[in-house]
Amino acid sequence: MANQSTKNEDIDINQDVSLLADTLDDLLKSYGSKTQEEIDSARSKAESLLKETRAKLNGGGNRVTRVARDASLQVDEYVHDKPWHGVGIGAAVGIVIGALLASRR
């Protein structure tokens, strides 16, 4: 039940961010083709959406903590149930990171 509400909150935030991105995209496109009044209107709409989205993201700090805690509990349970799988996954991640670091040199 808690996972369902978390998924709904994630969808809401994704929709908010998508709407904000669309509005900002419209604002950027409008700079070359619209009047100053239309640009100001688009800018104020973008600023309003940005403030709302930031408030939702900052207010969702408890939700983010809850999701992180739930994920860590699931990982802990998985590693306790299948310790060799956890060792294999850790080794694979280590090899990938090592390869990425070696390729940067």
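Counting other C-beta atoms within 10 Å, which of R43, R69 has the fewest, and how do the rest follow? Before the final figure, lay out each step's value.
On the way: R43 15, R69 10.
Fewest-to-most ranking of R43, R69: R69, R43.
What ranking do S41, S72 get, fewest neighbouring Cβ atoms within 10 angstrom at the top?
S72, S41
Which of K51, K45 comes first, and how do the rest follow, when ranked by fewest Cβ neighbours within 10 Å?
With the sparsest Cβ surroundings first, the list reads K51, K45.
Could you give each residue of the range 65-80 its phi-based ³J(HN,Hα) in whole Hz, using Karplus coefficients 6.51, -1.76, 1.60 with θ = phi - 60°, and x for Gly or Pro?
Computed from phi, the couplings for the range 65-80 are 4, 5, 5, 5, 5, 4, 5, 5, 5, 5, 5, 4, 5, 4, 5, 5 Hz.
State, to one decimal in nm, how far the label point of K51 lies from the label point of E77, with both points 7 Å from Cα in the Cβ direction.
So the two model labels end up 4.2 nm from each other.
No lab work stands behind these numbers, since they all come straight from the coordinates. Keep in mind that this is a model prediction, so the values were computed, not measured. Cβ: placed from backbone, ideal geometry, glycine included. Neighbour counts: every protein chain shown.
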